[in-house]
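Enquirer: I have a structure here, written as structure tokens, and I will follow up with some questions on it.
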Amino acid sequence: MTTGKTILNEKDIDRILTRMTYEILEVHKGSENLALIGIQTRGVYLAKRLQSKILQFEGAEVPTGDMDITLYRDDWTLISQQPVVQATDIQFSVDEKQVVLVDDVLFTGRTIRAAMDALIDFGRPIRIELAVLVDRGFRELPIQADYVGKFVKTKRPERVNVLVKENDGQDGVTIESEDV
């Protein structure tokens, strides 16, 4: 049997994304030369929300793209023999941009390593940063987020599930564990 515990609700997520937006704008001293790229699936929606908040706070629309990293992963054959590849849609040049990769959960670091490899295929950004809603630890690679919504202590077998309205019909973050 699986049990879940809610750790973030809709208001928590909105508050966190507002804080992260201000942090990004403060570090970059505005939105000039900034771009956001969301990692499929939920990172795409989080990047669009950050874009919307930047527009609200700065009056500037930063370019935002979507990236699927499935085939860049070094462990994709372990995940599935027939991976589901989603769209990558980056309609702007990443050359000389300060790109913030956006994802829902940072765990082993493998997704982010793959995202950086994929991004370099699109050009040469001046800087690559990482924004995540949840950092749960247990890194396998030396990767660290620049902007973190919430650090969560988990056990390795637990699962962190991020739900976003645009994909799941509701906002929330839960931790699931197998009952013994």
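The values are calculated or read from the model by the stated rules, or taken from the named source; none is laboratory data. The structure displayed is predicted, hence computed values, not measured ones. Heads up, the Cβs are rebuilt from the backbone with ideal geometry, glycines too, and the neighbour counts pull from every protein chain shown.
Enquirer: Any residue at all in the range 82-98 that is assigned to a strand (DSSP E or B) and either buried (at least 18 other Cβ atoms within 10 Å of the Cβ) or at pLDDT below 95 (or both)?
Expert: Yes, the range 82-98 contains a residue that is assigned to a strand (DSSP E or B) and either buried (at least 18 other Cβ atoms within 10 Å of the Cβ) or at pLDDT below 95 (or both).
Enquirer: Test Gly43 against the criterion of being closer than 19 Å to Asp104 by Cβ and at pLDDT below 95, and give yes or no.
Expert: No; evaluated as a whole, the condition is false for this residue.
Enquirer: Among the residues of the range 35-54, are any outside any helix (DSSP H, G or I), under 22 Å from Phe151 (Cβ atoms) and over 16 Å from the mean Cα position of the chain (by Cα)?
Expert: no
Enquirer: Further, regarding this structure: Here is a list of conditions, (1) in contact (Cβ under 8 Å) with a residue 40 or more places away in the chain; (2) within 13 Å of the chain's Cα centre (by Cα); (3) farther than 24 Å from Lys153 by Cβ, and Leu133 meets all of them except one; can you say which number that is?
Expert: If we test Leu133 against (1) in contact (Cβ under 8 Å) with a residue 40 or more places away in the chain; (2) within 13 Å of the chain's Cα centre (by Cα); (3) farther than 24 Å from Lys153 by Cβ, just (3) comes out false.
Enquirer: Okay, moving on. When both residues are 6+ apart or on different chains and their Cβ atoms are under 9 Å apart, which pairs have a first residue that lies in the range 24-40 and is free of Cβ contacts under 8 Å to residues at least 40 places away in the same chain, and a second that is surrounded by 22 or more Cβ atoms within 10 Å (Cβ to Cβ) and part of a helix (DSSP H, G or I)?
Expert: That search, which allows pairs on different chains as well, returns Leu25/Ile54; Ser31/Ile24; Ser31/Ile54.
Enquirer: Right, another one. Report whether or not Arg73 is at pLDDT 95 or above and at negative phi.
Expert: no
Enquirer: Something else now. Failed condition for Met20, given (1) touching a Phe, Trp or Tyr at 6+ places or on another chain (Cβ under 6 Å); (2) surrounded by fewer than 21 Cβ atoms within 10 Å (Cβ to Cβ), with all others met?
Expert: Single failed check for Met20: (2).
Enquirer: Would you confirm whether any residue within the range 26-34 is under 15 Å from Glu129 (Cα atoms), crowded, with 23+ Cβ neighbours inside 10 Å and in contact with an Asp or Glu (Cβ under 6 Å, 6 or more places away or on another chain)?
Expert: No; the residues of the range 26-34 include none that is under 15 Å from Glu129 (Cα atoms), crowded, with 23+ Cβ neighbours inside 10 Å and in contact with an Asp or Glu (Cβ under 6 Å, 6 or more places away or on another chain).
Enquirer: Something else about it: Restricting to the range 149-161, name every residue that is assigned to a strand (DSSP E or B), closer than 21 Å to Glu129 by Cα and in contact (Cβ under 8 Å) with a residue 60 or more places away in the chain.
Expert: Listed by number, the residues that qualify are Gly149, Lys150.
Enquirer: Step by step: first the residues of the range 1-34, then only those that are assigned to a strand (DSSP E or B) and more than 16 Å from Val148 (Cβ to Cβ), then the one that is modelled with the lowest pLDDT. Which residue is that?
Expert: Thr2
Enquirer: Within the range 147-161, does at least one residue satisfy the condition of being charged (D, E, K, R), at pLDDT below 95 and touching a Phe, Trp or Tyr at 6+ places or on another chain (Cβ under 8 Å)?
Expert: Yes, some residue in the range 147-161 is charged (D, E, K, R), at pLDDT below 95 and touching a Phe, Trp or Tyr at 6+ places or on another chain (Cβ under 8 Å).
Enquirer: Quick one: is Tyr72 among the aromatic types (Phe, Trp, Tyr) and touching a residue at least 60 places away in the same chain (Cβ under 8 Å)?
Expert: Criteria not met by Tyr72.
Enquirer: Still on this structure, I have one more. Do you know which of the residues in the range 103-130 that are among the β-branched types (Val, Ile, Thr) and over 10 Å from the mean Cα position of the chain (by Cα) is surrounded by the most Cβ atoms within 10 Å (Cβ to Cβ)?
Expert: Ile128
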